[in-house]
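Everything on this sheet refers to the single structure shown next.
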Amino acid sequence: MSEAVLNVRDLHKSYQQGGNSLRVLRGLNLEVMRGERVAIIGLSGSGKTTLLHLLGGLDTPDQGTVLVNGRNIHDLDEKAVCRLRNHSLGFVYQFHHLLGEFSALENTAMPLLIRGVAAEPAYSSAEEMLSRVGLIDRQSHRPGQLSGGERQRVAIARALVTLPDCVLADEPTGNLDEETAAQVDELMISLSKELAISFVVVTHNLTLASQMDRICRLHNGQLE
């Protein structure tokens, strides 16, 4: 039987807006199995990015639990959260968030170097992942020397280099032209299958969503 890498139970989240409380998530539940690809769609402002931040331990719920490999990420101290995030989760954003002063190879290796992996094996793993995303010949280039699609592929390589259990992706191709977006989408799905890594993808792109194993719509604070 497949195991759950993410298990979300009765998640609530509100924000103060002026003098009012804005309820974003209302008892949301979600289970993501190992190697499963889940798309989350919904209107702008429905709470999709908030949900991803809670899944990644980047924000704290008002109520409920987020289990990552059976551990409640919100019961851990900041150091333990960072360690769990580094080992179990990868992140891809709409904007690549690469460090401009570092090469593609250095950006890709960064999560391993932060973990404390020695430089030689870290860069070797980064080279292998850049090869998987078709950028081995661009490894010495800095982000400013790469196209938008190439920068996003480096961001994907960086998210996958630690071989996480799950990648959380927020509009990962929303800033790319249609043709480049399709290529990056295909790459993400292919690597997810090849490496048995789960993906939770927030997107407005219904073409991308249709290629996932499951589509969940976030509406009125819950997933349908």
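The values are calculated or read from the model by the stated rules, or taken from the named source; none is laboratory data. Keep in mind the model is a prediction, meaning the values are calculated, not measured. Every residue, glycine among them, receives a Cβ derived from its backbone with ideal geometry; neighbour counts consider all protein chains shown. To get the accessible areas, we keep the full protein, side chains included, count just its heavy atoms, and leave off ligands, DNA and RNA. Shrake-Rupley method; radii C 1.70, N 1.55, O 1.52, S 1.80 Å.
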Check your understanding: Hey, got the dipole for the chain? About the Cα centre, +1 on K and R Cβ, -1 on D and E Cβ, debye to the nearest 20?
Key -> 460 debye
Check your understanding: Which lysines, on any chain, are close to LYS13 with Cα under 30 Å apart, when same-chain ones fewer than 8 places away are left out?
Key -> LYS48, LYS79
Review point. When only DSSP loop residues count, what chymotrypsin sites (Phe, Trp or Tyr not before Pro) in region 45-127 have their Cβ near at most 10 other Cβ atoms within 10 Å?
Key: none
Point to revise | Dimensions (Å) - the chain, Cα atoms, principal axes, largest first | key: 50, 44, 39
Exercise for review: Kindly write out, for region 143-155 in residue order, the coupling ³J(HN,Hα) from the Karplus curve 6.51 cos²θ - 1.76 cosθ + 1.60 (θ = phi - 60°), rounded to whole Hz, with x marking Gly and Pro.
Suggested key: x, x, 9, 10, 6, x, x, 5, 4, 5, 5, 5, 4
**Study point:** Residues of the chain: accessible area per residue with a 1.4 Å probe, Å²
**Key:** 48 Å²
Review point. Considering amide H positions built from the backbone, and no H for Pro or chain starts, which residues 5 or more places from VAL5, or on another chain, come under 5 Å of its amide H?
Key: VAL32, MET33, ARG34
Study note, to complete from the structure: With all protein chains present, the chain has a carbon and sulfur share of its accessible area (1.4 Å probe) in percent of 47 percent
Exercise for review: Calculate the spin-label point distance for ASP213 paired with LYS193, positioning each point 7 Å from the Cα along the beta-carbon direction, and give it in nanometres.
Suggested key: 1.3 nm
Exercise for review: Multiply the residue gap between ASP75 and HIS97 by 0.36 nm, knock off their C-alpha separation, and tell me the result in nm, one decimal place.
Suggested key: 5.1 nm
Revision key, fill the gap. Ranking VAL32, HIS141, PHE91 by how far each Cα lies towards the positive end of the charge dipole of region 1-142 (+1 on Lys and Arg Cβ, -1 on Asp and Glu Cβ), the top one is VAL32
